[in-house]
Structures are given as C-alpha cells and as structure tokens.
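FYI, it's all coordinate maths here, none of it is from the lab. Owing to the predicted nature of the structure, the values given are computational and were not obtained by experimental measurement. Methodologically, a virtual Cβ is constructed for each residue, glycine included, from the backbone with ideal geometry; neighbour enumeration extends over all protein chains shown.
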Amino acid sequence: MSIAENLIEIRKNIPQGVKLIAVSKTMPMEIIQEAYVEGQRVFGENKPQELRDKYEVMAKDIEWHLIGHLQTNKVKYIAPFVYLIHSVDSIRLLNEINKEAIKNNRVINCLLQIDIAHEDTKFGLLEEEARGLILSDEYKSMKNIKICGVMGIGSITDDENQTRKEFINLKEIFTHLRDEFFKKDISFCEISMGMSSDFSIAIKEGSTMVRIGSSIFGERNYLK
Ligand SMILES: *Cc1c(COP(=O)(O)O)cnc(C)c1O
C-alpha cells in the first residue's frame, strides 16, 4: 500500500481528539512529502539534527515533535521551532530547554517522559521523580517552559495485557500529577502513548497523541 493509503487507513482508527503524529525518522524528504500532500501536518523525529534539517527544507506549516531521547547539548538545534518535546526526563534537560527557549524568546511545550516499561533500554522518570521535578525550586523558576502532560513507551511484547497495564499506569500517573499540580492549568492535558503495534490499546486507555511510524512509512532501514 502507498503512504497515502496507509494514512487513510490509520486515520479511520483514530478518533477525534487524538492527534496522529507521523513518525518520519530515517525517512527521506520525498517520502515525508507524500504524507504532507495527503494532508498530514504533524511529524515526529527522534534525532535533533535530523529534525532541524527536515524543518529547514519542508513547508513551514508543519508541527514538528521531538519524540526521542534528547541530550542537553543538542537542544539548541530544535529550540527555535520545535512544537513539543515528548522526552523530558531530567531537571537538567528541562533547565537547558528553558535557557534555549529564553534565547529564542519563546515558550517551549514539553511532556515528562515516564518510565512505564521498566526496560533497561528505555528512558524516563518514575512517578516520584516526576513529582520531585515539579516540586523543585529550579522548575518553579523556569518561565519559558510549559509542561503539557506525559509520554510513555510501552514494552516490546506480544502480551497485550502487559501493554494495557502499562498504559493504564501512565494514565493514572497523568491523573495524579494533574490533580496535584495542574488543577488550574488546562494546558496539562496530553498523554502521548501508542505506536504502530499498540496504538489501538493506547487509545482505549486514554491516549491523546499516538506516534506512528512504520504503519505509515513502512519498515525503517537504519543502514541507509
Ligand atoms: C520510532 C518511534 C515511534 C514509532 O514507532 P513505530 O513502531 O514505527 O510506529 C514512536 N515513538 C518513539 C519514541 C519512537 O522512537
């Protein structure tokens, strides 16, 4: 199936109110352009330089999301334009994002990445760590950051019950944090969860943003 056909198929399964982020990492511009022509305006990438390079060439009405692990020294590449950073996992990183946001005279939207899978290969905060971050004086002094919700990556598993448990857990953590710290802040409303293999479960469990790559663009070839 073509990229256009894949997009049409996937959109049928995504309800109103859930944002589809087309994960275009490793894909060349002409492939991304095919999705753009089909009306897709929201794209996700996991590498800051690749994201910047694509931002520079592609149409300027695209909303670009950084979904992968972010090193502090690379925030500068995306700070001028990034729409949402999904992968904030330390106060040090948040501090750097705030600094770069000030330099660019903007507020940068962020999600706290929560460790829901407990796999060694995955990043993220535990619920207590997220709470500690929000309670810190350092965070409270940051004027150019907006925390809009949480993000999580499910385990790599065929066990749907395991995946479902992890997504239920992320929703619970979101609710705890919202009720404790963001009651009056309507912009704390996003739960980024669900990828090609598990987005239907994620949507059932309350996802507001799904990050879908291979089901739209096909398998990635990292050797290219
Ligand atoms: C690559 C990636 C995705 C998309 O994965 P697919 O299985 O191709 O849909 C989603 N989220 C993150 C953080 C990723 O790195």
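Quick look at the numbers
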| item | result |
| --- | --- |
| Contact order normalised by residue count of the stretch 170-224, Cα under 8 Å, 6+ apart, percent | 29 |
| Percent RCO, i.e. relative contact order, over the chain, from Cα pairs under 8 Å lying at least 6 residues apart | 20 |
| Charge dipole (the stretch 65-219, unit charges on Cβ, about Cα centre) - positive-most of 199, 126, 188 | 188 |
| Peptides ranked, highest mean first, by Cβ atoms within 10 Å: ranges 64-71, 92-99, 125-132 | 64-71, 92-99, 125-132 |
| Rounded to the nearest 20 debye, dipole of the chain from Cβ charges on Lys, Arg, Asp, Glu | 840 |
| Under 13 Å, Cβ to Cβ, from residue 129 - net charge with Lys/Arg +1 and Asp/Glu -1 | -2 |
| Neighbourhood net charge (11 Å Cβ-Cβ; Lys/Arg +1, Asp/Glu -1) for residue 45 | +3 |
| Length-normalised contact order for the stretch 56-159 - Cα pairs under 8 Å, 6+ apart - percent | 27 |
| J(HN,Hα) series, the stretch 196-204, from Karplus relation 6.51 cos²θ - 1.76 cosθ + 1.60, nearest Hz, glycine and proline x | 3, 7, 9, 5, 5, 5, 4, 5, 4 |
| Protection proxy ranking of 180-188, 159-167 - average other beta-carbon atoms within 10 Å, highest first | 159-167, 180-188 |
| Only Lys, Arg (+1) and Asp, Glu (-1) charged, at Cβ; the stretch 149-224 dipole about Cα centre in debye | 240 |
| Amide H partners (placed H, <5 Å) of residue 88, local residues excluded | 111, 113 |
